[in-house]
Amino acid sequence: MRALLAPILALSIAAPAVAQTQGVPVSTLKATHGSWEVRCFGETDCVMSQLHTRTPETADAVFTVIKPVGLRDANGAAIEALAEIVVPLGIYLPKGLGLQVDSGEPRAAPFERCIPDGCVVRAPISSSMLNQMRNGGTAYLILSSSPTETVRVPISLSGFTAGFNSL
């Protein structure tokens, strides 16, 4: 599942020699903050991510957060954070992907596309959701496995604030 980061964000968690021969820019691990890794290209182009490995009750997922520079929403307001989430193929796409922090109200985002490694959601993280993530313990990715069944994938928020502040 770690290979998902390479095609999505052009990050290489694999060996640098393999990444360079495949034309993927090489990242370096800058820091680990709790459950989050911060990886960078050079000194300033960084992202933070967390890999959730499948359990009997959950699915694989990669949750990546980017602090965009100069990106604005449709109303012209600055976007503080952008999420890129990759989940396995075979999920029920019409319901989109839910994101819930602790026992808060879930928010949904549509899937952007599916690639050979999984299905991708790219969406801004609202200021209120960002604050919930900074203060929360667990975020849940809510996936639909069918029109009537859902799976909740836990993402630890341990180290989220420190990781985000380091971007």
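Would you confirm, using the coordinates I've provided, whether residue 50 is more than 15 Å from the chain's Cα centre (by Cα), surrounded by 17 or more Cβ atoms within 10 Å (Cβ to Cβ) and either of a type in the set (A, V, I, L, M) or under 17 Å from residue 35 (Cα atoms) (or both)?
Considered against the rule, which asks whether it is more than 15 Å from the chain's Cα centre (by Cα), surrounded by 17 or more Cβ atoms within 10 Å (Cβ to Cβ) and either of a type in the set (A, V, I, L, M) or under 17 Å from residue 35 (Cα atoms) (or both), residue 50 comes out as no.
I'd like to verify a number: residues in segment 38-72 that are of a type in the set (Lys, Arg) and outside any strand (DSSP E or B), how many?
Number of matching residues: 2.
With 53, 28, 64 as the choices, which residue is hydroxyl-bearing (Ser, Thr, Tyr) and at pLDDT below 90?
The match here is 53.
Only one of these conditions is not met by residue 94: (1) in a helix (DSSP H, G or I); (2) under 24 Å from residue 167 (Cβ atoms). Which number is it?
Status for residue 94: all satisfied but (2).
Among what's in segment 137-167 and is among the aromatic types (Phe, Trp, Tyr) and over 23 Å from residue 95 (Cα atoms), pick the residue that is surrounded by the fewest Cβ atoms within 10 Å (Cβ to Cβ).
The selected residue is 164.
Residue pairs, Cβ under 7 Å, 6 or more apart or interchain, first in segment 84-99 and on the phi > 0 side of the Ramachandran plot, second not small (Gly, Ala, Ser). List them.
Within 7 Å, the pairs are 96/110; 96/111.
Suppose we filter segment 89-125 for residues that are touching a helix residue (DSSP H, G or I) at 6+ places or on another chain (Cβ under 6 Å) and acidic (Asp, Glu); how many remain?
Residues meeting the conditions: 1.
Assuming residue 103 fulfils every condition listed in (1) crowded, with 19+ Cβ neighbours inside 10 Å; (2) of a type in the set (S, T, N, Q); (3) assigned to a loop (DSSP other than H, G, I, E, B) apart from one, which condition is it?
(1)
Of all residues in segment 106-131, which are of a type in the set (D, E, K, R), assigned to a strand (DSSP E or B) and without any contact (Cβ under 8 Å) to a residue 40 or more places away in the chain?
The answer is 107, 113.
Taking residue 134 and the conditions (1) crowded, with 19+ Cβ neighbours inside 10 Å; (2) in contact with a helix residue (DSSP H, G or I) (Cβ under 7 Å, 6 or more places away or on another chain); (3) part of a helix (DSSP H, G or I), which numbered condition does it fall short on, given that it satisfies the others?
(1)
Tell me which residues, restricted to segment 27-47, are buried (at least 18 other Cβ atoms within 10 Å of the Cβ), touching a residue at least 40 places away in the same chain (Cβ under 8 Å) and in contact with a Cys (Cβ under 7 Å, 6 or more places away or on another chain).
38, 46
The values are calculated or read from the model by the stated rules, or taken from the named source; none is laboratory data. Every value quoted in this text rests on a predicted model; they were computed, and no experiment measured them. Every residue, glycine among them, receives a Cβ derived from its backbone with ideal geometry; neighbour counts consider all protein chains shown.
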